[in-house]
Each structure stands twice: as structure tokens, then as C-alpha cells.
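Engineer: Got a structure for you, written out below as C-alpha cells; questions coming shortly.
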Amino acid sequence: MSREQITALLGGWEGHRVGSIQRWEAGQKGPTAQVWIELLPEPGRPLICTACGRSSAQVHDRHLRRVRDLPLLEAQTHLLVHRRRVLCPRCGPKLEQLPWLDRYGRVTKRLAENVARLCALLPICHVGAFYGLHWTTVKEIDKRHLQESLGPVNLSGVEVIVMDEFAIQKGHRYATVIAEPYTKRVLWVGRGRGREDLRPFFDLLGVAGRQNLRAAVMDMNGAYEQEVRYQCPWTQIVYDLFHVVAKYGREVIDRVRVDQANRVQSDKKARHVIKSARWLLLRNKGNLLRQQDRIQLRELLAANRPLMTVYVLKEDLKSLWSYHYPKAALRFWKHWYSRAVRSRIDPLKTFARKLKPYLHGILAHCRWPLHTSLLEGINNKIKVIKRMAYGFRDDHYFFLKIRAAFPGIP
């Protein structure tokens with residue numbers, strides 16, 4: 001087979017033709033087989049300046065550059081490219097523009113595209129081992145591809161946002177993720193969960209975007225609420241059901257259960273029954289599928305009045321998020337609050353008084369029936385992305401991977 005036939009068969013090296021070809025089997029020059037192909041410039045081809053895009057006939061100088069290409073016949077492909085600099089009359093000495101190679105690229109564009117496509121499925125260390133590239137090279141290829149494909153986030157037309165935090169590292173180090181609930185699109189990710197950490201998002205949103213923002217769904221994070229109120233005073237704050245009920249479980253049910261277990265300390269059997277009933281009390285009633293669990297819960301509540309009180313009030317509190325009219329929800333809240341205060345259970349009374357200042361965000365659920373379950377699913381996927389990579393050293397790259405995983409529904 002002639003060199004012209006090889007060039008036509010392989011293709012993709014526009015402006016160059018095949019010179020010498022050498023192949024080494026595995027063990028001769030490295031652990032894998034290698035193919036070295038010399039690429040010579042085609043004579044008579046016009047030279048294009050990379051700066052202005054104009055053609056020139058003069059060559060300033062040339063040098064030899066080693067470039068990686070897609071594997072050929074199970075062998076790593078190395079290209080020895082005679083790279084030329086054009087003597088442009090307008091820009092001076094500039095590199096020749098090649099459609100298959102970036103300006104200072106060490107890998108061909110088609111190899112970079114395949115690497116980026118595989119990085120969406122595998123960790124970068126595995127992709128690097130597959131193509132015989134260093135993991136930092138694979139990371140830069142994938143990062144550049146994500147930046148070009150995603151581009152700057154479009155925040156125009158955003159009216160409702162959902163915000164939550166997720167653990168980014170050990171040692172209580174968190175990041176904040178903001179998404180649009182209707183399109184399920186991640187809008188912004190930033191390190192930290194304080195007011196100052198959230199401010200760059202509102203800077204990107206701009207004055208017009210802040211005026212267009214109508215509702216923000218969150219947990220009872222004081223920093224989130226303060227920053228949203230400072231940036232967008234007209235925006236309604238909506239508190240999520242999941243976080244309120246989880247807080248009720250930690251501060252009321254767990255506390256009462258421990259107190260009741262300590263009260264019957266002399267009766268070891270009764271103490272064991274109460275202490276082992278944590279998940280029965282915290283779990284939703286509809287999730288008790290086994291008949292044995294339902295019978296055990298019924299007997300426990302019948303035998304212990306304080307546990308029955310906090311359990312019934314927990315179920316009633318969850319129904320507050322099912323109302324569609326604020327006045328009806330307010331009447332139900334007043335009735336629930338009076339029952340909690342008259343219960344003579346100190347953890348329950350304390351929780352009800354602490355929850356009262358957040359009533360506006362709970363009643364806002366009638367107007368905006370949204371919750372952060374979308375972000376809980378996003379946070380689970382973020383954990384998977386983080387585990388696949390065994391962690392990320394580069395926050396910007398990590399946040400790009402998150403945005404790429406949740407581009408939103410068109």
C-alpha cells in the first residue's frame with residue numbers, strides 16, 4: 001500500500017501527507033504497541049494564519065512536533081508533524097492553521113472528542129489508561145470540552161429557584177447548588193453555604209434577573225434566607241416539608257423517645273422496645289409494609305402516651321403542606337400550635353415556638369407547591385460523580401461535571 005493510499009484511508013490530516021511509518025510491538029519501546037507516522041506538508045497548499053485567517057505564501061520557520069492521534073490497529077499512534085509558522089504580512093510570524101489540530105495542541109481534535117465522550121462514562125484515570133495519556137492531560141481535555149459545550153449559564157427567564165447544600169469534602173466543608181425546579185436544570189454551583197458564598201449567583205443573575213425572581217425554595221438555612229431577602233426583597237421564601245419533618249424527628253421524637261426509655265430504666269424489656277423503635281416512629285406510615293411493624297407501632301403508641309402524642313402531631317404537621325389556601329392553612333396551624341403548647345411535652349413545646357417565626361415560608365407553599373426533593377436527587381447523583389472520580393481537586397472542573405449531568409429538560 002502506497003503512502004497516498006494510507007493517507008486517503010486514514011484521512012483527517014488535511015494539508016499533510018504521510019512520510020515514513022514505523023511500528024514497534026509491545027515491549028520494544030514501551031508496554032504497548034506504537035505506530036509512528038511522519039506527516040509532511042503538502043506542496044503548493046496555501047498557508048493560513050491562525051490570527052487573521054488570511055493566506056500567505058511565505059514560511060517563516062518550521063519545527064517538528066509530536067502529536068497523539070486515535071489508536072491504530074490496537075497501537076498508540078504518534079504523529080511527527082512538521083509544524084510551520086507563516087510569515088503573515090499583517091500579523092507577523094504566526095502558526096499555520098490546521099483544521100484537525102489546535103494551535104498548541106498535543107493531541108488531535110478527533111482524539112480529544114473521543115476522550116471527552118468517554119469521560120462522561122468513566123473516571124479520567126481509567127480513560128487515561130485506555131488511551132495511554134496522563135490523567136492531567138485527560139482532565140484538561142475534558143474540562144476544555146465542558147467549557148466549550150456548556151458555555152456561560154443562561155439565567156434569563158428564571159422565576160423560581162431551589163437551593164440546597166451538599167458535602168464536598170470531609171470536615172464539614174459544603175457547597176451550594178441552585179437549580180430550576182421546572183426544567184430540572186442546575187443553574188449554579190459554588191463552594192460554601194454562607195451569605196458571601198451565595199452572592200456570586202445574584203451577581204450573575206443581574207438586576208433584571210433579580211427583579212424577575214418570584215420564589216426561592218430552601219430549608220430553614222438562615223444564611224440563604226437573609227441573602228435572598230437582601231438581594232430580592234419581593235421574592236417569596238418557601239420552606240421544604242422534608243427538612244422541617246426531619247428537624248421534628250431529631251429534636252422532638254428522638255428526645256422524647258430517649259426520655260421515655262430512661263423513665264422505664266428498671267424494666268429492661270420495655271426500655272429495649274422503646275429504644276429500638278426509632279425508625280418505626282420516624283418512618284412514614286405508608287412505608288410500613290410489614291404487618292409485624294404496624295402491630296409493633298400500634299402497641300408501642302397504645303402503651304406510651306407521650307410517644308403517641310408526638311407521633312400524631314408529626315403526621316398532622318405533614319398535612320400542613322397539603323393545603324392550597326393560605327387562610328385554611330393558617331387556621332390549621334393555629335389549632336396544631338395550641339395542641340403542641342398544651343401537650344406538656346417540653347421538646348414539643350420548644351419546637352413549636354421555634355417553628356412559629358418560619359410560618360410565612362410554610363404558608364407560601366400554598367402559592368408555590370414546590371419542594372427540594374429535586375435537589376435531594378441531584379445531591380445523590382453528585383455523590384456518585386464524586387465517588388467515581390475518588391474526589392476532585394479542581395472545584396471548577398467538579399462544578400462543570402455537575403452542570404453537564406443536569407442540563408435540564410428542553
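Engineer: Can you tell me which of LEU320, LEU330, LEU313, LEU348 is modelled with pLDDT under 90, surrounded by 14 or more Cβ atoms within 10 Å (Cβ to Cβ) and assigned to a helix (DSSP H, G or I)?
Structural biologist: Just one listed residue meets the conditions, LEU320.
Engineer: Only one of (1) among the hydrophobic types (A, V, I, L, M, F, W, C); (2) under 26 Å from PRO369 (Cα atoms); (3) part of a helix (DSSP H, G or I) fails for ILE295. Which number is that?
Structural biologist: Every listed condition holds for ILE295 apart from (2).
Engineer: So, one more: Only residues that are in contact (Cβ under 8 Å) with a residue 60 or more places away in the chain and either within 30 Å of PRO31 (Cα to Cα) or charged (D, E, K, R) (or both): list them for segment 143-162, please.
Structural biologist: Residue satisfying the conditions is LYS143 alone.
Engineer: Only one of (1) surrounded by 15 or more Cβ atoms within 10 Å (Cβ to Cβ); (2) touching a residue at least 24 places away in the same chain (Cβ under 8 Å) fails for GLY192. Which number is that?
Structural biologist: Every condition holds for GLY192 apart from (2).
Engineer: To continue, here is another question. Taking segment 17-62 as the region of interest, how many residues are of a type in the set (Val, Ile, Thr), out of contact with any Ser or Thr (no Cβ under 6 Å at 6 or more places or on another chain) and closer than 17 Å to ARG103 by Cα?
Structural biologist: Summing the residues that are of a type in the set (Val, Ile, Thr), out of contact with any Ser or Thr (no Cβ under 6 Å at 6 or more places or on another chain) and closer than 17 Å to ARG103 by Cα in segment 17-62 gives 2.
Engineer: For segment 352-395, give me each residue that is within 14 Å of the chain's Cα centre (by Cα) and over 30 Å from ARG144 (Cβ atoms).
Structural biologist: GLU376 - this is the single residue of segment 352-395 that is within 14 Å of the chain's Cα centre (by Cα) and over 30 Å from ARG144 (Cβ atoms).
Engineer: Another one. Where the second residue is outside any helix (DSSP H, G or I) and polar (S, T, N, Q) and the first is under 19 Å from ASP293 (Cα atoms) and in the same structural domain as MET308 (by TED's automatic domain parsing) and lies in segment 250-275, which pairs have Cβ atoms under 8 Å and are six or more apart or on separate chains?
Structural biologist: Listed pairs, sorted by first residue: ARG271/GLN265; ILE274/ASN304.
Engineer: Give the residue, chosen from ARG66, ARG45, that is of a type in the set (Lys, Arg), surrounded by fewer than 17 Cβ atoms within 10 Å (Cβ to Cβ) and closer than 16 Å to GLU14 by Cα.
Structural biologist: ARG45
Engineer: Quick check: is even one residue across segment 3-19 over 24 Å from GLY92 (Cβ atoms), at pLDDT 85 or above and of a type in the set (S, T, N, Q)?
Structural biologist: No, that holds for no residue.
Engineer: When segment 373-406 is examined, which residues are found to be farther than 29 Å from VAL244 by Cα and either in contact (Cβ under 8 Å) with a residue 12 or more places away in the chain or not assigned by TED's automatic domain parsing to the domain that holds THR183 (or both)?
Structural biologist: Correct list: MET388, ALA389, TYR390, GLY391, ASP394, ASP395, HIS396, TYR397, PHE398, LEU400, LYS401, ALA404.
Engineer: Determine which member of the set VAL189, VAL177 is assigned to a strand (DSSP E or B), under 30 Å from LEU359 (Cβ atoms) and in contact with a helix residue (DSSP H, G or I) (Cβ under 8 Å, 6 or more places away or on another chain).
Structural biologist: Only one candidate passes the filter, namely VAL177.
Engineer: May I pose another question? Only one residue in PRO233, PRO200 is in a loop (DSSP other than H, G, I, E, B), at pLDDT 90 or above and in the same structural domain as LYS401 (by TED's automatic domain parsing), so which one is that?
Structural biologist: Step by step, each of PRO233, PRO200 is checked, and only PRO233 is in a loop (DSSP other than H, G, I, E, B), at pLDDT 90 or above and in the same structural domain as LYS401 (by TED's automatic domain parsing).
Engineer: Check TYR230 against each of (1) exposed (fewer than 13 other Cβ atoms within 10 Å of the Cβ); (2) free of Cβ contacts under 8 Å to residues at least 24 places away in the same chain and name the one condition it does not meet.
Structural biologist: (2)
Engineer: Would you check if SER338 is in contact (Cβ under 8 Å) with a residue 12 or more places away in the chain, exposed (fewer than 15 other Cβ atoms within 10 Å of the Cβ) and at negative phi?
Structural biologist: Judged against the criteria, SER338 is not a match.
The values are calculated or read from the model by the stated rules, or taken from the named source; none is laboratory data. In this text, all values refer to a predicted model and were calculated from it rather than measured experimentally. FYI the Cβ positions are ideal-geometry reconstructions off the backbone, even for glycines, and counts take in every protein chain you see.
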